Amino acid sequence: MSTDDQKSTAKGEAFDRLLLALVAHSPKRPERQALVSSTFLAAVHSSLADADAILDAENNKGFALSEAEKRNAAKTLGRMVSSDALREVVVPNGLDERINLPESGLVAVSVSLPDLNADHIAWISGGRKGPEPTQELLADTIRDNTVRWIIDNRSETGIPLFLKDIWIVHGSTSIDMLILVMYRSSRDFMSYVREVVQRVRGVLGTQTMQISNNLALNHMQSASE
């Protein structure tokens with residue numbers, strides 16, 4: 001094997017080790033330094049570690065990387081981010097007192113097919129002007145109205161809610177869309193659902209779910225302490 005082939009193989013192995021360490025962390029989202037310094041990554045480096053050993057790495061003090069190995073891992077991680085194999089995104093830490101959005105909730109949305117079909121027929125009759133009425137357009141409308149509501153309802157203490165994601169769901173007979181939000185209080189959450197989501201044309205009904213335990217958010221809290 002040539003020197004170049006050896007380097008390529010080594011880079012591939014380093015890539016795989018970081019990816020497996022992320023798998024072991026999931027659904028937690030570690031910061032760069034936390035990932036590089038994690039016992040999960042150290043366990044993945046060990047040829048003796050199987051799946052059970054990796055999962056139990058946080059309780060096993062026998063796994064540790066040298067400073068040189070950490071530096072190499074950090075370089076590989078930087079290349080993975082630069083090549084877009086991994087993404088770094090900026091999101092509010094709801095548990096930080098300056099953000100203060102400690103709660104998470106889901107809104108399950110059912111779409112009114114008669115309304116959607118009527119809007120689509122009107123769109124065709126009107127010469128197909130403007131965007132085509134679809135579930136994607138409905139999600140965009142909810143997103144835009146959510147942003148307006150957050151801006152209009154912000155106060156000296158901050159924003160009442162943050163929209164984390166919207167998913168269109170296929171294969172369910174009762175749920176067509178899921179909305180994930182972070183919020184300050186139950187009152188803010190329910191006001192948002194009533195004043196924004198339920199008022200969008202095409203929304204037939206909603207079901208709210210308050211998330212009592214979020215592993216990823218809990219990890220962010222422990223990392224900041």
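Worth a mention:
- In range of the label at residue 132: residues from the range 144-181 whose backbone nitrogen is under 20 Å from the point 7 Å along Cα→Cβ: 168-171, 177
- Between residue 148 and residue 74, the C-beta separation translates, for a Förster distance of 41 Å, into a calculated FRET efficiency of about 0.50.
- Segments 121-132, 141-152 sorted - mean Cβ within 10 Å per residue, highest first: 141-152, 121-132
- With only Cα atoms counted, the range 135-216 has Rg and Dmax values of 12.9, 43 Å.
- Think of each Lys and Arg Cβ as +1 and each Asp and Glu Cβ as -1; about the Cα centre, that makes the dipole of the range 105-144 roughly 100 debye.
- The label-point distance for residue 122 and residue 13, in a model that sets each label 7 Å from Cα toward Cβ, rounds to 6.4 nm.
- A Förster distance of 25 Å, applied to the separation of the beta-carbon atoms of residue 201 and residue 167, puts the FRET efficiency at 0.80.
- The range 46-203: radius of gyration over Cα atoms, expressed as a fraction of 2.2 N^0.38 Å: 1.49
- For the range 156-167, 3J(HN,Hα) per residue [Karplus equation, 6.51 cos²θ - 1.76 cosθ + 1.60, θ = phi - 60°, Hz, x = Gly/Pro]: 5, 8, x, 8, x, 6, 9, 7, 8, 6, 10, 10
- Vicinal HN-Hα couplings computed from phi for the range 13-20 (Karplus, 6.51 cos²θ - 1.76 cosθ + 1.60; Hz; Gly/Pro x): 5, 5, 4, 4, 5, 5, 5, 5
- q = 0.14, 0.16, 0.20 Å⁻¹, the range 7-102: log10 I(q)/I(0) [Debye, one scatterer per Cα]: -0.56, -0.70, -0.99
- Of the GluC sites (Glu not before Pro) found in the range 114-219, those in coil by DSSP whose Cβ has at most 11 other Cβ atoms within 10 Å are 156.
- Residue among 189, 159, 123 farthest towards the positive dipole end of the range 104-190, charges placed on Cβ: 159
- Packing rank of 159-166, 24-31, where each peptide gets the mean count of other beta carbons within 10 Å, highest leading: 159-166, 24-31
- Zone residues, the range 135-162, relative to residue 99, backbone N less than 16 Å from point 7 Å out along Cα-to-Cβ: 158-162
Read-outs throughout are calculated quantities, based only on the coordinates presented, and are distinct from any laboratory measurement. Bear in mind that the values here come from a model prediction, so they are computed numbers and not experimental data. Backbone-built Cβ (ideal geometry, glycine too); neighbour counts: all protein chains shown.
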